[in-house]
Structures are given as C-alpha cells and as structure tokens.
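Comments concern the structure below.
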Amino acid sequence: MTTPVLSIRNYTLDYLTAGGPVRVLQDIALDIAPGEVLGLVGESGSGKSSLAWAIMRHLPKNAREVSGDIRLGDTDLRALPGRDLTRVRGRRIGMVFQDPSTSLNPTLPVGRQITETLVITRGLSQAEAWTEALALLGHVELRNPEALMKRYPHEISGGEKQRILIATAFGCRPELIVFDEPTTALDVITGARILELFTRLRAETGVAALYISHDLALVSRVADRVAVMKHGKLVEEAPADRIFRAPQHPETQILVDAVPRPERRLVHDQPGERVLLAAQDISVRYARRRLFRPAPPPATQAVGFNVRAGEILGVVGESGSGKSSIARALTGLADFSGSIRFDGRPIAAGRAMDRQYRRAVQIVFQHPDSSLNPRQKVGEILARPLRLFGGNVSDVGRLLEQVRLPASFADRWPHQLSGGQKQRVAIARAFAAKPSLVICDEITAPLDVSVQASIIELLLTLRAETGTAYLFITHDLNLIRQIAHRIAVMRGGELVDLLPIDAIDAEHVHPYTRDLIAASPTPVG
C-alpha cells in the first residue's frame with residue numbers, strides 16, 4: 001500500500017489551565033493519501049485548529065501531548081527536535097492561514113517575504129528566488145507581479161494577499177499543505193476565485209491537503225473525503241458527496257441541516273406597503289482631495305433605495321462594494337451627501353441625527369469583540385441603551401432571555417462568552433431601544449454554520465414578536481435568499497440591482513448578480 005503523506009494515530013492533546021487540564025483532542029486517527037484533499041469540519045471549539053497546530057508542531061506552551069503519533073511520510077514529527085522542524089516547515093509542510101492580513105509582515109515588501117521563504121526552503125540564490133517569485137505570482141493570476149513585489153501588504157487587497165500566500169506555499173513544493181479557513185475573511189467572489197486557484201494548483205502539483213473550514217458546502221466541493229469533529233473527537237468520516245446525501249452522525253446531520261439552501265425559504269410573509277426609510281443619492285467619501293493629488297473615488301455613488309415596515313432587505317456584494325458604507329451613513333457613523341427620510345420625516349446627516357432617529361435605527365456589527373466594551377459586564381452594556389432611550393434598567397434580564405441567554409449572564413464579562421453568545425448580547429443591545437429598523441452588518445460572517453443558523457432563527461423570531469425591519473448586509477447569497485423579501489446588489493459603490501428575491505434568477509438581472517450566484521458554494525451530494 002502507498003504510504004500516507006500524513007498519518008495520525010490515537011492522538012490526544014490537553015491544554016493546561018488554572019482550573020486543571022482541558023482535553024481538546026481525543027484519540028484522533030486519520031490519514032491523507034498522496035494527492036488527496038481531506039476536509040476537516042466542525043463547530044468553533046471542536047478542535048480543528050488545534051489539530052492543525054499539532055501537525056505544524058507549533059503548539060502553545062500550555063499544551064500537553066498525552067499520547068499518539070503524527071507522521072509525515074516516514075518521519076515522526078513528534079520526535080523531531082526544533083532544529084529539524086525548521087527544515088520540515090515550508091519544505092515538506094506548508095500552511096495557509098485564515099486571515100492573510102496577519103500572515104504577512106507589514107514592515108517588509110511582499111517580494112522580500114516571498115524570496116526569503118524560497119531561499120530558506122529551496123536553497124535558491126537571491127536572483128533565482130526573485131525570478132521564481134515573479135513566475136509564481138504570474139501563475140496565480142496576479143497582474144503586474146514586478147510592481148506587486150515592491151509593495152507592502154497594506155497596499156494590496158485581501159484576495160491578492162491570499163493569492164500570494166498560496167503561491168508561496170505551493171512554490172515551496174511541499175508534500176502537504178494545511179489550509180485553515182483560507183476563504184473565511186474574503187467575499188464570495190474572491191473566495192470562489194481562490195478555490196478555483198486551489199483546485200488548479202492541486203491538479204498541477206498533486207500536493208496533498210488538509211482543508212479546514214466550518215463551511216460544509218464549500219468543503220464538499222473541494223475535498224475528496226470529509227472528517228467531522230465534535231468536542232475534540234472525530235465523529236464521522238466519509239466521501240465528500242456522501243456527507244450531504246446520507247450523513248450518519250447526529251453532529252453531521254446538524255451541520256448539514258444548518259447549511260443555507262436558497263430553495264429553503266424561511267420567511268413567507270409579505271411586508272407592508274408603508275415606506276419606513278427612504279434613502280436617495282447617498283454618496284460616502286472617506287478622504288478629501290490632497291495637494292497635487294486627485295480626490296479618491298467615493299465609497300458609494302448616489303445610492304438610492306427604501307425599506308418598508310417589517311421588511312428584510314438584503315444587501316450583497318463583494319468587499320469594497322460599499323455595503324458597510326451605506327450602514328455607516330444611515331447610522332451617522334460616516335458623513336454623506338444625499339437625503340434620508342424616516343417615516344416621512346427628513347433626517348439631517350451625521351451628528352445632527354436626533355434622538356428619535358437614533359433610537360429607531362440600530363446597528364449590529366460584524367465583530368462583537370470590537371463592539372462590546374471589554375471593561376463592562378454584560379449587564380452594564382445592556383443598561384446603557386435602556387437609560388439613553390427611556391427604558392427600565394431592570395429589563396436587562398428580560399433582554400437576555402429574549403435573545404435566548406440566561407439572565408445570570410448579566411454578571412459576565414464579554415471575554416467569558418463564545419462568539420455566538422457575544423453576538424446575541426449585541427442583538428439584545430440593539431433591541432433594548434425598541435427599534436423600527438435594525439441594520440445587521442455581516443453579523444453571521446465570523447460564526448460557524450450551526451451558530452449562524454441559530455442567530456438567524458433568533459432574528460426571525462424577534463421580527464415576528466416586534467415587527468422590526470432589517471437591512472441585512474452579507475456576502476452569503478445563499479443565506480440572504482432564504483430570509484430576504486428583496487435584494488440590493490452593490491458593486492464598486494453603485495447599486496446595480498434592486499429586485500424581489502423571487503426574481504433573482506430572472507434573465508434580466510445584472511451580469512454581476514449572475515456572477516454572485518455562480519460564485520456562491522452550494523452543497524454537493
């Protein structure tokens with residue numbers, strides 16, 4: 001039989017904490033054959049990334065390996081000393097991380113970072129490494145590689161950064177590459193292009209891969225086999241197409257059921273005819289003209305739309321399309337030109353927005369870690385909007401229970417909550433004001449698929465109870481097709497489509513809308 005590229009047997013890992021050892025991986029056993037892609041899925045906290053770090057031999061200091069073997073071909077990785085490990089990483093095992101912004105050194109030009117890696121892993125000279133780097137960047141379809149090599153990471157887009165990291169990983173010619181959520185930080189079109197790139201490079205090189213993600217639909221399209229993790233254990237392993245067709249373990253069934261499917265509508269009512277919010281010619285510009293430099297283009301250009309009472313209006317588009325700029329304009333967080341009317345009443349821009357409007361229009365942000373004050377307990381966070389908008393501070397417990405959290409969570413700090421729990425607190429804070437419109441800005445993007453499903457179920461329940469309308473910004477077209485009444489499609493700061501959700505497949509839609517649909521991963525099987 002062919003020796004597996006990666007073989008893990010009976011691997012168990014603990015993290016040592018002040019409260020004692022915490023088991024994060026239990027009796028893990030899996031193989032990856034030459035040229036095979038194994039998808040590894042599971043909820044946040046299931047142990048996926050801990051397993052990746054164990055394979056890369058980059059565990060934190062409080063990690064304790066209890067038992068088991070990790071082998072790369074015939075090499076026992078656990079037995080290698082640090083000096084020998086440096087000759088394995090990059091050369092024999094590559095890794096592509098979730099957030100490309102944190103994977104590149106912000107103080108060095110891109111070209112220097114690529115060439116240093118090639119010099120170390122392949123023994124090339126500086127001149128040879130530079131020539132090879134140019135070829136690699138061209139091979140991953142990056143335009144003008146020579147200019148790109150001289151830029152710093154902050155001067156290039158997220159998709160370009162991820163292509164650079166993938167090109168570098170493949171350029172080192174390893175036996176195995178570990179991909180840890182490589183498209184999570186990217187919009188749907190950029191993510192689809194990255195997956196196409198991965199598929200092409202894999203076919204060309206025959207490299208084996210461990211592809212880690214919480215997106216089961218995506219994994220089913222790129223992997224040969226899929227392994228499912230739950231609380232540090234492997235609970236199911238099967239060919240990718242069978243995972244969706246016939247999941248066996250209850251955890252796999254939960255993940256499959258939680259995957260957004262456009263044909264499975266979750267909202268069946270129709271909103272009222274009353275226009276709640278009308279925005280006209282909204283243009284947002286973040287930077288002014290500088291001396292001898294032209295003014296940069298606006299983030300949004302004369303965007304106009306309305307939201308009806310009780311409606312869910314979805315706003316989709318790739319990164320940089322202006323989706324979040326619209327949210328910031330409507331909540332006074334960004335200066336804008338144009339006009340807003342709310343319930344027929346003209347609303348002045350920015351700081352002039354009055355208390356009545358600020359109470360009626362609330363926002364929930366993508367990252368609750370950034371929007372919840374880490375120095376305040378949950379009870380204090382929720383009490384503030386109640387004081388601001390005439391509520392009763394004693395309602396904090398009721399707000400928590402309304403978002404399906406125990407009232408006792410009022411005494412917890414944000415860092416003591418999971419990502420889904422933090423987002424529920426952020427939702428509770430928005431509803432404390434009893435708003436008429438809640439803007440949801442990519443609020444499910446950082447969550448795994450089952451937590452995302454529970455947050456969507458909560459939002460729909462709150463809407464049924466309160467009649468609140470949603471402006472739901474997302475790059476997940478499959479999700480928005482489940483819940484929205486209408487969809488607004490943005491590209492390059494412009495609104496290119498605004499149509500009922502049941503008309504999204506019509507022939508007359510904008511070509512970009514068709515591109516979004518084609519790029520959205522759907523389950524295989």
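The values are calculated or read from the model by the stated rules, or taken from the named source; none is laboratory data. These numbers were taken from a predicted model, which means no experiment stands behind them. Positions of Cβ are backbone-derived with ideal geometry, glycine not excepted, and every protein chain shown enters the neighbour counts.
Quick notes on this one:
- Residue in the range 327-343 that is of a type in the set (Val, Ile, Thr), under 26 Å from GLY492 (Cβ atoms) and outside any loop (DSSP other than H, G, I, E, B) present: yes
- Identity of the residue in the range 207-233, modelled with pLDDT of 90 or more and among the small types (Gly, Ala, Ser), that ends up surrounded by the most Cβ atoms within 10 Å (Cβ to Cβ): ALA209
- Strands (runs of 3 or more DSSP E) wholly inside the range 1-120 containing at least 1 residues that are among the basic types (Lys, Arg): 6-17, 20-32, 63-72
- Where helices (runs of 4 or more DSSP H) fall entirely within the range 205-307, those with at least 1 residues that are closer than 30 Å to ARG92 by Cβ are at 216-222, 240-245.
- Residue identified as in the same structural domain as THR205 (by TED's automatic domain parsing) and not charged (D, E, K, R) among THR107, THR86: THR86
- In the range 100-122, the residues that are under 19 Å from GLN162 (Cβ atoms) reach residues that are surrounded by fewer than 17 Cβ atoms within 10 Å (Cβ to Cβ) and among the basic types (Lys, Arg) with C-beta atoms within less than 8 angstrom, at least six apart or across chains, in these pairs: PRO109/LYS150; PRO109/ARG151; VAL110/LYS150; VAL110/ARG151; GLY111/LYS150.
- Residue check, LEU30 out of contact with any strand residue (DSSP E or B) (no Cβ under 6 Å at 6 or more places or on another chain), over 20 Å from THR168 (Cα atoms) and surrounded by fewer than 21 Cβ atoms within 10 Å (Cβ to Cβ): no
- Subset of the range 474-522 (residues that are within 19 Å of the chain's Cα centre (by Cα) and of a type in the set (Lys, Arg)): ARG481
Per-residue answers, yes or no, for (1) crowded, with 23+ Cβ neighbours inside 10 Å; (2) of a type in the set (Ser, Thr, Tyr); (3) over 28 Å from the mean Cα position of the chain (by Cα):
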| position | (1), (2), (3) |
| --- | --- |
| ARG122 | no, no, yes |
| MET149 | no, no, no |
| ILE156 | no, no, no |
| PHE179 | yes, no, no |
| THR183 | yes, yes, no |
| ILE189 | no, no, no |
| ALA192 | no, no, no |
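- Subset of the range 453-510 (residues that are of a type outside the set (Val, Ile, Thr) and in contact with a Cys (Cβ under 8 Å, 6 or more places away or on another chain)): LEU459, TYR470, LEU471, PHE472
- Qualifying residue in the range 434-449 (condition: assigned to a helix (DSSP H, G or I) and either closer than 27 Å to ASP257 by Cα or not assigned by TED's automatic domain parsing to the domain that holds VAL364 (or both)): yes
- Residues that are touching a residue at least 24 places away in the same chain (Cβ under 8 Å), assigned to a helix (DSSP H, G or I) and among the polar types (S, T, N, Q), drawn from the range 385-431: GLN402, GLN423
- Verdict on LEU38 being at pLDDT 95 or above and closer than 20 Å to ARG173 by Cα: yes
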